[in-house]
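Asks: Here it is, the structure in full.
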Amino acid sequence: MQCRKTFETHISLLRGRVRARRCQALSKRSKLQCAKAALKGKSVCMFHGAKSSGPITELGSQRCAAAKTIHGFETRAKREYRAKKFAELKEIENLLLKKGLF
């Protein structure tokens with residue numbers, strides 16, 4: 001397994017005539033540094049996300065925020081539902097504590 005500290009910063013192209021920054025991405029399977037050259041002004045190659053500029057317009061940003069994104073096993077809607085139910089449960093517990101039943 002290759003550590004990020006041992007990554008090569010530059011790569012030689014065209015039989016050593018051109019020196020370019022090397023992609024800083026790590027392969028999931030082989031655990032080795034990508035052998036491609038990074039794009040100008042980026043630290044990764046086009047296969048690892050250098051071509052992506054993200055949403056450009058405000059509408060695009062809102063669409064990305066509202067998209068069904070899954071982090072782990074939950075969607076945003078499931079997390080919001082769970083948070084709402086926990087808030088209701090906390091409210092009931094506080095009410096029971098005030099009544100002395102809990």
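Asks: Determine whether E88 is of a type in the set (D, E) and under 21 Å from the mean Cα position of the chain (by Cα). Before you say what the answer is, go through the steps one by one.
Replies: Values: of a type in the set (D, E): yes; under 21 Å from the mean Cα position of the chain (by Cα): no.
Judged against the criteria, E88 is not a match.
Asks: Going through segment 4-28 one residue at a time, which ones are at pLDDT below 85 and under 20 Å from the mean Cα position of the chain (by Cα)?
Replies: Correct list: R4, S27, K28.
Asks: Can you tell me which residue in segment 43-54 is surrounded by the fewest Cβ atoms within 10 Å (Cβ to Cβ), limited to those that are in a helix (DSSP H, G or I) and of a type outside the set (F, W, Y)? Break it down stepwise before answering.
Replies: Narrowing segment 43-54 to residues in a helix (DSSP H, G or I): 46-48.
Filter once more, so that each one left must be of a type outside the set (F, W, Y): 46, 48.
Values: M46: 14, H48: 19.
It comes out as M46.
Asks: May I pose another question? Looking at segment 29-47 only, could you name the residues that are hydroxyl-bearing (S, T, Y) and within 17 Å of the chain's Cα centre (by Cα)? Write out each step before concluding.
Replies: Quick first cut of segment 29-47, residues hydroxyl-bearing (S, T, Y) only: 30, 43.
Selection gives S43 alone.
Asks: Given the criterion in a strand (DSSP E or B) and either basic (K, R) or surrounded by fewer than 17 Cβ atoms within 10 Å (Cβ to Cβ) (or both), identify the matching residue among R19, R15.
Replies: Details: R15 fails: in a strand (DSSP E or B).
The unique qualifying residue is R19.
Asks: While we're here: Of L32, L97, L59, L89, which residue is at pLDDT below 90 and of a type outside the set (D, E, K, R)? Give the derivation first.
Replies: Numbers: L97 fails: at pLDDT below 90; L59 fails: at pLDDT below 90; L89 fails: at pLDDT below 90.
Result of the check over L32, L97, L59, L89: L32.
Asks: Considering each of T69, T57 in turn, give the residue that is surrounded by fewer than 10 Cβ atoms within 10 Å (Cβ to Cβ) and either touching a helix residue (DSSP H, G or I) at 6+ places or on another chain (Cβ under 9 Å) or hydroxyl-bearing (S, T, Y) (or both).
Replies: Values: T69 fails: surrounded by fewer than 10 Cβ atoms within 10 Å (Cβ to Cβ).
Among T69, T57, only T57 is surrounded by fewer than 10 Cβ atoms within 10 Å (Cβ to Cβ) and either touching a helix residue (DSSP H, G or I) at 6+ places or on another chain (Cβ under 9 Å) or hydroxyl-bearing (S, T, Y) (or both).
The values are calculated or read from the model by the stated rules, or taken from the named source; none is laboratory data. If you're wondering where the values come from, they're calculated on a predicted model, not measured in any experiment. As a convention, Cβ positions derive from the backbone with ideal geometry for all residues, glycine included, and neighbour counts pool all protein chains shown.
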